[in-house]
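Asks: Following this message is one structure expressed as structure tokens.
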Amino acid sequence: MATTDNSFNGMTEHCPECELDTLHEVSVQIRTESLKKENAQFSREPYRVTECQQCGHRKSQRMNNA
């Protein structure tokens with residue numbers, strides 16, 4: 001489970017690379033999943049992106065699995 005950190009731009013989460021709970025920068029990105037130009041406007045999905053501030057390991061997870 002993630003917990004908020006006292007710093008302005010991060011959360012403390014477990015990093016599989018560091019094998020520790022470290023400060024992570026967390027953001028949400030809207031990504032287009034379709035490669036076809038005519039369908040691109042209908043294929044945008046939100047992704048939760050985390051980056052470990054210790055080692056730089058990045059992980060993204062699709063937020064809507066409908």
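Asks: For the stretch 35-58, which positions are out of contact with any strand residue (DSSP E or B) (no Cβ under 9 Å at 6 or more places or on another chain) and either of a type in the set (A, V, I, L, M, F, W, C) or surrounded by 12 or more Cβ atoms within 10 Å (Cβ to Cβ) (or both)?
Replies: Within the stretch 35-58, Leu35, Phe42 meet the criteria.
Asks: Looking at the stretch 25-37, is at least one residue closer than 12 Å to Glu13 by Cβ and not hydroxyl-bearing (Ser, Thr, Tyr)?
Replies: Yes; the residues of the stretch 25-37 include at least one that is closer than 12 Å to Glu13 by Cβ and not hydroxyl-bearing (Ser, Thr, Tyr).
Asks: OK, next. List the pairs whose first member sits in the stretch 28-40 and is assigned to a helix (DSSP H, G or I), whose second member is not aromatic (Phe, Trp, Tyr), and whose Cβ atoms are under 6 Å apart, counting only residues at least 6 apart or on separate chains?
Replies: Close Cβ pairs (under 6 Å, with a partner that is not aromatic (Phe, Trp, Tyr)) amount to Ala40/Thr32; Ala40/Ser34.
Asks: Restricting to the stretch 23-34, give me the number of residues that are open to solvent by 70 Å² or more (accessible area, probe 1.4 Å) and of a type in the set (A, V, I, L, M, F, W, C).
Replies: Residues that pass the stated criteria total 2.
Asks: Show the residue pairs that are 6+ apart or on different chains and have beta-carbon atoms under 7 Å apart, the first residue being within the stretch 48-61 and assigned to a strand (DSSP E or B), the second being polar (S, T, N, Q) and open to solvent by 60 Å² or more (accessible area, probe 1.4 Å).
Replies: These pairs meet every condition: Arg48/Gln61; Val49/Gln29.
The values are calculated or read from the model by the stated rules, or taken from the named source; none is laboratory data. Given the structure is predicted, the values throughout are model-derived calculations rather than measurements. All Cβ positions, even for glycine, are placed from backbone atoms using ideal geometry, and neighbour counts span all protein chains on display. We work out accessible area using only protein heavy atoms, side chains counted, and drop any ligands, DNA or RNA first. Shrake-Rupley method; radii C 1.70, N 1.55, O 1.52, S 1.80 Å.
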